[in-house]
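Data block below; observations after.
Bear in mind these aren't lab numbers, they're just calculated from the coordinates by the rules spelled out. Everything numeric in this text was worked out from a predicted model, so none of it was measured. Cβ: placed from backbone, ideal geometry, glycine included. Neighbour counts: every protein chain shown.
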Amino acid sequence: MKIVALVGSIRDESYNLALMKTLQKRYREKMEITIANIKELPFYNEDMENNPNEMVQQFKKEIAEADGIIIATPEYNWSIPGVLKNALDWLSRVDKVLQKKPAMIVGVSTGQVGTLRAQLHLRQILASPGLSARVLPPAGNEVLVNHAGAKFENGMLTDESTLSFIDGVIERFITWVNIGKK
Ligand code: FNR
């Protein structure tokens, strides 16, 4: 199963990137997770959408060829970071490569509520006509990692109860992806 990951933080020591690297390694027998390079994308511009640069073309191709996507979002001022919104805006136009694409959302914050507000915004964005991704339903599947400082060591998520919860969510995501293939 080929999965493309979007990580909404572009800082080197990002907890969201660390979570994605943890998923990449922990579930490597089940899925191949490739982290897309969204920080090099230009700002979305409608004047460019029919003839975007090589970075955008490559990014859209990568998404089009994936069986599903996983988005790791930080919360910036109660919403998703601009870099992630920009990537999604590119995907929403012309060939609309996210339509019906299975998607799973995860998020890490250093605060108490673990990106809940950002994830609610993200679900709303992914439901828009241009995107219309097939997002794993939230009930029982909300990966909201709070108090990140206490749950990561050496660039990996190490909190056992969080990891075992995510094990279940990943199993349900795999089923969700496979349902769409039938
Ligand atoms: C934050 N942070 C934050 N946390 C939160 O729970 N709710 C919020 O609204 C915000 N807002 C916010 C805005 C900006 C501009 C920054 C830089 C940070 C804190 C955030 O959770 C923390 O910096 C995480 O570590 C960011 O994720 P990465 O970069 O570690 O993946």
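Structure summary
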| read-out | value |
| --- | --- |
| 12 Å beta-carbon shell around Val145, net charge (K/R +1, D/E -1) | -2 |
| Distance from the stretch 106-153 to the stretch 1-50 (C-alpha centre basis), Å | 15 Å |
| Rounded to 5, percent antiparallel among DSSP beta bridges of the chain | 15 percent |
| DSSP beta bridge pairing in the stretch 1-88, given as percent antiparallel to the nearest 5 | 10 percent |
| For Ile71, residues with placed amide H under 5 Å, excluding near neighbours | Leu6, Met104, Ile105, Val106 |
| Packing-based order for 67-80, 88-101, using average beta carbon neighbours within 10 Å, highest first | 67-80, 88-101 |
| Spatially near lysine pairs across the stretch 5-149, Cα under 23 Å, sequence gap of 8 or more or different chains | 27 |
| Residues Ser161, Ser132 arranged by fewest to most Cβ contacts within 10 Å | Ser161, Ser132 |
| Whole-number D in µm² s⁻¹ for the stretch 130-172, Kirkwood Cα-pair radius fed into Stokes-Einstein, 37 °C, 0.692 mPa s | 273 µm²/s |
| Cα-based equivalent ellipsoid, the chain: semi-axes from gyration tensor eigenvalues, Å | 25, 19, 15 |
| Cα-Cα pairs of the stretch 46-100 separated by more than 17 Å (percent) | 40 percent |
| If the convex hull is drawn through the Cα atoms of the stretch 10-80, its volume per residue in Å³ | 120 Å³ |
